[in-house]
Amino acid sequence: MNNKRNNRFMPIIMAVCVVIGILIGTFYANHFSGNRLSIINTSSNKLNNLLHIIDDQYVDTVNVNDLVEKAVPQILAELDPHSVYISANDVQMANDDLRGSFSGVGIEFIIRQDTLRVQQVIGNGPAERAGVIAGDKIVKVDGEDFTGKTLTNEVAMHKLKGPKDTKVKLGIMRYGEKKVRDIVVTRGEIPTKSVTAAYMLNKETGYIRIKNFGENTYPELLIALAKLSEEDFQSLTIDLRGNTGGYLQSAVQIANEFLPKNRLIVYTQGRKSQRQEYRSDGRGSYQRIPLVVLIDEGSASASEILAGAIQDNDRGTIIGRRSFGKGLVQQPIEFNDHSMIRLTIARYYSPSGRCIQKPYVSGENKNYEEDILTRYEHGEFFSQDSIKHEGKEYHTAIGRPVFGGGGITPDIFIAEDTTNVTSYYKQATMSGLIIQYAYEYTDANRQTLKDIKSVDDMAKHLQKQNMVDKFATYADKNGLKRRNLMIQKSHKLLERFINSRIIYNMMSEEAWMKYLNSDDPAITETLKIFRENAAFPKAPEKKK
């Protein structure tokens with residue numbers, strides 16, 4: 001009987017609950033009617049609720065937008081080290097390098113002593129056409145002072161970039177002149193090259209340096225290969241050292257150029273992303289050329305896709321040091337205010353099935369960010385035996401062992417040479433004094449240096465100038481005490497660094513790489529591999 005009575009009253013009880021729910025909901029709807037964040041009062045929307053409560057009831061006035069800008073990066077940091085937030089102000093800058101061009105005046109600059117100094121002028125760019133030359137100091141922009149402590153790289157780029165065909169008036173102080181000259185520059189599209197060097201290492205070997213993987217990297221590579229073909233190159237070195245990555249598709253296109261048909265290049269897979277494979281189509285023009293790929297601890301993401309595809313398919317030899325270890329794929333997602341996030345949606349896997357991503361603990365990015373320093377301290381830069389393989393063993397197409405869980409391990413290890421490194425050398429390089437001195441030397445000697453056309457001639461000229469002693473005197477005046485014994489020990493390293501920066505200032509990035517590569521151990525090993533016809537890996541001997 002009691003059960004029947006309870007059942008009879010159940011509809012009434014439920015109706016009362018519904019009415020109470022409606023009343024409570026109406027109360028909150030009216031109470032929060034001014035909520036511009038359209039808050040839904042559920043536990044899944046706790047963050048929105050919190051922001052509204054702060055905005056509605058906090059003791060002081062709070063800028064909710066600023067709170068959001070600060071909170072979003074923290075939330076993403078709890079996911080993984082590569083899911084990031086980019087504010088609306090920074091989106092264009094973040095995309096320019098990969099997009100292949102931007103609209104601006106066309107100069108490369110350096111800020112020294114609170115003044116913007118033109119380091120290089122892009123050939124046939126807007127600034128060059130208007131009459132700006134390397135060495136000019138930009139002291140005014142559109143009539144306003146452009147010097148002082150507040151002048152940063154970000155401020156300068158914001159002022160100099162702008163929509164195509166807009167004009168900007170630059171106030172220029174030129175060497176030897178006492179008055180500011182005004183030059184009006186009409187902004188235009190400025191290419192940002194990702195293939196920054198393409199030349200012959202010797203009569204048979206071509207060299208290509210890829211700085212990053214952007215929208216135009218593949219066509220730039222084809223142009224570089226065509227240039228080398230005119231010089232009849234028979235073997236090729238692709239330098240990915242320091243290449244932090246970029247677009248996956250660009251790496252796939254480049255790998256396709258060197259692989260036979262239907263070879264797996266890379267595949268991606270995630271919780272909400274089905275496995276997607278990228279395979280070669282057999283149309284590549286350089287499927288059989290002997291190939292070496294150079295990597296180091298700065299090679300990441302798309303660089304590792306390309307290196308992994310070459311290594312796992314036994315298509316070439318990888319030389320250098322273990323790569324960074326970024327195997328996470330980010331999807332760009334834009335908000336209404338044009339800010340965006342890059343959210344990790346999948347992992348990528350090399351053809352052998354290994355994920356290159358190094359270990360990380362969600363929300364604890366400090367150890368992840370210091371991984372390169374940890375490797376250095378553990379001796380990995382100096383000994384191949386110090387490399388710790390935390391992932392399981394995989395095998396290439398012909399059975400060579402490779403490892404996942406922390407970057408691409410090269411086939412041939414090149415130790416970092418620290419024999420003549422001293423604390424003086426470290427201070428000189430890390431303080432920025434060498435770059436500053438190199439610019440000031442360049443600026444004071446442009447008339448002499450501009451007549452020197454080849455890298456070899458420039459190097460020979462600089463070797464006669466006693467550059468290290470001149471730098472030591474300069475550095476001593478600028479806070480780095482002279483240490484003669486250390487300077488003597490590090491003399492070759494100091495001379496190399498100083499001269500390379502002067503060559504960079506006066507010539508080009510390709511000239512800079514030519515000079516640095518002239519005595520680079522990785523390049524020396526590369527040429528040895530080609531001489532011995534050993535670029536194509538051999539299958540390991542079977543155990544008896």
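The values are calculated or read from the model by the stated rules, or taken from the named source; none is laboratory data. Since the structure is predicted, the reported quantities are computational estimates derived from the model, not experimental observations. Every residue, glycine among them, receives a Cβ derived from its backbone with ideal geometry; neighbour counts consider all protein chains shown. Just the protein is used for accessible areas: all its heavy atoms, side chains included, with ligands, DNA and RNA removed. Shrake-Rupley method; radii C 1.70, N 1.55, O 1.52, S 1.80 Å.
Is it true that some residue in the range 413-426 is of a type in the set (A, V, I, L, M), open to solvent by less than 20 Å² (accessible area, probe 1.4 Å) and over 30 Å from ILE305 (Cβ atoms)? The answer is no; no qualifying residue exists. Taking strands (runs of 3 or more DSSP E) as the structural unit, those lying wholly within the range 89-159 and holding at least 2 residues that are surrounded by 15 or more Cβ atoms within 10 Å (Cβ to Cβ) and in contact with a Lys or Arg (Cβ under 6 Å, 6 or more places away or on another chain) correspond to 101-104, 115-121, 137-141. Scanning the range 400-412 for residues that are modelled with pLDDT of 95 or more and surrounded by fewer than 16 Cβ atoms within 10 Å (Cβ to Cβ) yields a count of 0.
Filtering ALA522, ALA535, ALA511 for residues that are part of a loop (DSSP other than H, G, I, E, B) and within 30 Å of GLU204 (Cβ to Cβ) leaves a single hit, ALA535.
Of all residue pairs spaced 6 or more apart or on separate chains, those with beta-carbon atoms under 7 Å, a first member in the range 74-103 that is basic (Lys, Arg) and a second member that is buried (at least 16 other Cβ atoms within 10 Å of the Cβ) and outside any helix (DSSP H, G or I) are ARG99/GLY214; ARG99/GLU215.
Comparison of GLY135, GLY123 shows that the only residue that is in contact with a Phe, Trp or Tyr (Cβ under 8 Å, 6 or more places away or on another chain) and among the small types (Gly, Ala, Ser) is GLY135. Restricting GLY308, GLY327, GLY316 to residues that are touching a Cys at 6+ places or on another chain (Cβ under 7 Å) and under 22 Å from ILE210 (Cβ atoms) narrows the list to GLY327.
The single condition among (1) under 20 Å from MET507 (Cβ atoms); (2) out of contact with any helix residue (DSSP H, G or I) (no Cβ under 9 Å at 6 or more places or on another chain) that ILE107 does not meet is (2).
So in the range 237-257, with the set limited to residues that are in contact (Cβ under 8 Å) with a residue 60 or more places away in the chain and open to solvent by 10 Å² or more (accessible area, probe 1.4 Å), which one is nearest to ILE319 (Cα to Cα)? Here the answer is ARG241.
Kindly list the number of the only condition in (1) open to solvent by 70 Å² or more (accessible area, probe 1.4 Å); (2) at pLDDT 55 or above; (3) assigned to a helix (DSSP H, G or I); (4) not β-branched (Val, Ile, Thr) that fails for LEU76. Result: LEU76 passes all but (1). Restricting the search to the range 484-527, which residues are among the polar types (S, T, N, Q), out of contact with any helix residue (DSSP H, G or I) (no Cβ under 6 Å at 6 or more places or on another chain) and at pLDDT 95 or above? Matches in the range 484-527: ASN484, GLN488, SER518, THR524, THR526.
Examine the range 439-455 for a residue that is farther than 30 Å from ARG263 by Cβ, open to solvent by 50 Å² or more (accessible area, probe 1.4 Å), in a loop (DSSP other than H, G, I, E, B) and β-branched (Val, Ile, Thr), and state whether such a residue exists. Walk me through how you get there before you give the answer.
Here is the first cut: in the range 439-455, the residues farther than 30 Å from ARG263 by Cβ are 439-455.
Now narrow it down to the ones that are open to solvent by 50 Å² or more (accessible area, probe 1.4 Å): 440, 444, 447-448, 450-451, 453.
Checking which are in a loop (DSSP other than H, G, I, E, B) leaves us with 450-451, 453.
Now restrict to residues that are β-branched (Val, Ile, Thr): none.
Among the residues of the range 439-455, not one is farther than 30 Å from ARG263 by Cβ, open to solvent by 50 Å² or more (accessible area, probe 1.4 Å), in a loop (DSSP other than H, G, I, E, B) and β-branched (Val, Ile, Thr), which makes the answer no.
For the structure I just gave you, tell me whether VAL266 is farther than 26 Å from ASP520 by Cβ, part of a strand (DSSP E or B) and open to solvent by less than 10 Å² (accessible area, probe 1.4 Å).
Values: farther than 26 Å from ASP520 by Cβ: yes; part of a strand (DSSP E or B): yes; open to solvent by less than 10 Å² (accessible area, probe 1.4 Å): yes.
Taking the combined requirement at face value, the residue satisfies it.
Take the conditions open to solvent by 60 Å² or more (accessible area, probe 1.4 Å), touching a strand residue (DSSP E or B) at 6+ places or on another chain (Cβ under 9 Å) and in contact (Cβ under 8 Å) with a residue 24 or more places away in the chain and apply them to LYS164. Does it pass? So LYS164 passes the test.
Among ASP66, ASP60, ASP55, which is the only one that is without any contact (Cβ under 8 Å) to a residue 40 or more places away in the chain, part of a loop (DSSP other than H, G, I, E, B), over 30 Å from LYS167 (Cβ atoms) and open to solvent by 40 Å² or more (accessible area, probe 1.4 Å)? Quick ask: steps written out before the conclusion?
Details: ASP66 fails: part of a loop (DSSP other than H, G, I, E, B); ASP55 fails: part of a loop (DSSP other than H, G, I, E, B).
Unique residue meeting the criteria: ASP60.
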